[in-house]
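Okay, structure first, notes after.
Every read-out reported here was derived from the displayed coordinates using simple, explicitly stated rules and does not represent laboratory data. Note that the coordinates shown come from a computational prediction; the quantities given were computed from them, not determined experimentally. Glycine gets a Cβ as well: all are built from the backbone with ideal geometry, and neighbour counts include every protein chain shown.
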Amino acid sequence: MTDLRDRLRVLDGLDVPDVHEAARAIGPKPPDRSGTASHARRFGTIVVALAVGLAALSFLFIRFQGGRSTPAVSPEPTPTQVSAAITQTIDTGQRFPEGVAVGEGGVWVVTKKADVNGGDLLRLDPVSGEIVSRIPMPSIPGWEFGGGGIATGLGGVWVVGEAHEGNDGCCDIVVRRVDPTTNTIAETIHVGPGYDSDVWVDASGIWVLGNAQDGSQHMWLYRLDGATHEVVTKIQIPAFWSQTVFGAGGWIWVFGSARGDAPAETLYRIDPSTNEIVDTFSPSGAYSFPVAPSGDVIWFAHDGLRALDAFSGEQIVGPIQLPVPYLAGLVPDGSGGVWVIGEPDVVGTGIWHLRADGRVDASAEHGPDKQAKGIAAAFDPSTNSVWIVHSEDTVSRLQITPT
Amino acid sequence: VVQDAAVTTEPRDAVERVWREQGPRLWRSLVGFTGEPDVATDAMAEAFAQALGRGDEVHDHAAWIWRASFRIAAGELERRRQALGPIEHAAYEMPETVADLVRSLAVLSPNQRAAVLLHEYADLPTREVARVLGCTQATVRVHLSQAHRRLRPLLEDHDD
């Protein structure tokens, strides 16, 4: 068998461009940034392409409001004009913010230290945005691109992580419950061997998703009793990689990659009454798209924006063609609708709110600035804010206001 | 050149040393990670530019640049995941052997792929890989174990 190191040596044959010169051309950049690459060159091309296509945007926008497969509903709403502006950017005091959740009276941001395991769970005041508590966490979610591994509900804030007991294997998946009345870790629950992925909490219990430790190509979904917090069962998910577990339509859903083409492709539907996988969906046939569960609707973006009815798994909205080349965010409002945030700094971008039936009922004429792009986001209906976690240092509030 | 030399500061020297000594290895690792030379170039250029801008704030420039480059590249992959339209690819033709390798590595999750490239190609010890990926050494070992297991059939195929 070919040695992997030998196989990787073919990379040595690549001619290396003068990246250092490119870095000099960019120039020294100040530390404060939104956490994404500079894409000036690519944006330039996109801007030119979009300028050529500007005439088509109005047509696209009309389609965007209609959606060719969207069932007719009445009455047709008149979109409310809103403004969407970054009104706050907060330094987390830790190098890598990882995820955000809203609930239990706060905005909760999990952050990672620069060089060691662990970090802080920050509690932000939803109104002022001030950090009102900083809770040290021995480990934090190991989510690969950030954004998951934290959930609120059942009187707690639940954060997954790893625990090491000095053995030479790997680790245990743990979920920690933070008591929002004391802002302290009230419980550390060892769920099983492996490493953590995500957590979901609802009336059916606490659902913790993790990778198997033994190198096998599947995930484990652990169910914890909502009252005793004990593991009551574990369900094998035939996905070799997954970042997402959520509840919708009375089912528990895992979004994972079945064939290994990361990041994800298949929705597994689990019946909480039997703890069995009862169905799978590959809604787009593609392997790379984001999902955003909201109430009993599962939104996803592939070749336009679409939504599944979480009860039946049938597509009920879309494809809706969007007048933007990239999404900066697909943020569920928790009530079936979704906020769609277009790529900042691109001609024709904007922000829209879609109801559960796919109708646009709010839109902003101007797109948000670059701080609106992050690795994770959560909507707080109490303040009409989207909290956006950047890949480095900061978290921002995108304030949505009727104009 | 004289003018450059006059304004050169120690952090700038350190960044340039990272480029001279590790730049090619970093760029090639990023190509293996992303499968896209233009993404590798953009991510690395951004990381170097940020390192220059941060000056004394960065204590270990090599570790910082490796980590920032992979982090930024991962962010760009995520951005592309959310692409709604066709993605513009730079005209960079990879040799078929490299393209074949990139296709093989694509079956790995991003962290598995990064762990393999950092440890098996760039020769970083697992402690340094853990710093780049922001996880523990134990997790790195799991990533490597799973990656080897998953790549085994592909490596066997390659022998045919």
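Some observations on this one:
- Exposure proxy ranking for B:Glu120, A:Glu104, based on other Cβ atoms within 10 angstrom of each Cβ and starting from the fewest, stands as A:Glu104, B:Glu120.
- For A:Phe281, net neighbour charge (Lys/Arg +1, Asp/Glu -1) across residues whose Cβ lies under 14 Å away: -2
- A:Glu98 long-range amide H proximity, modeled H, under 5 Å: A:Val110, A:Thr111, A:Lys112
- Per-peptide packing, taken as the mean over residues of other Cβ atoms within 10 Å, places B:22-31, A:381-390, A:266-275 in the sequence B:22-31, A:381-390, A:266-275 from highest down.
- Taken over the C-alpha atoms, segment A:361-403 has Rg and Dmax values of 10.9, 34 angstrom.
- Pair A:Arg5, B:Asp13: separation of 7 Å Cα→Cβ label points (nm): 3.4
- The Cα trace of segment A:174-236 gives Rg and Dmax of 12.2, 40 Å, the first to one decimal, the second as a whole number.
- Taken as Cα centroids, segment B:24-59 and segment B:97-112 sit 19 Å apart, rounded to the nearest whole angstrom.
- Full extension of the segment from A:Thr280 to A:Thr188, taken as 0.36 nm per residue of separation minus the current Cα-Cα distance, would add 29.9 nm.
- In this rough spin-label picture, where each label sits 7 Å from Cα along the Cβ direction, the A:Glu130-A:Ala203 distance is 3.7 nm.
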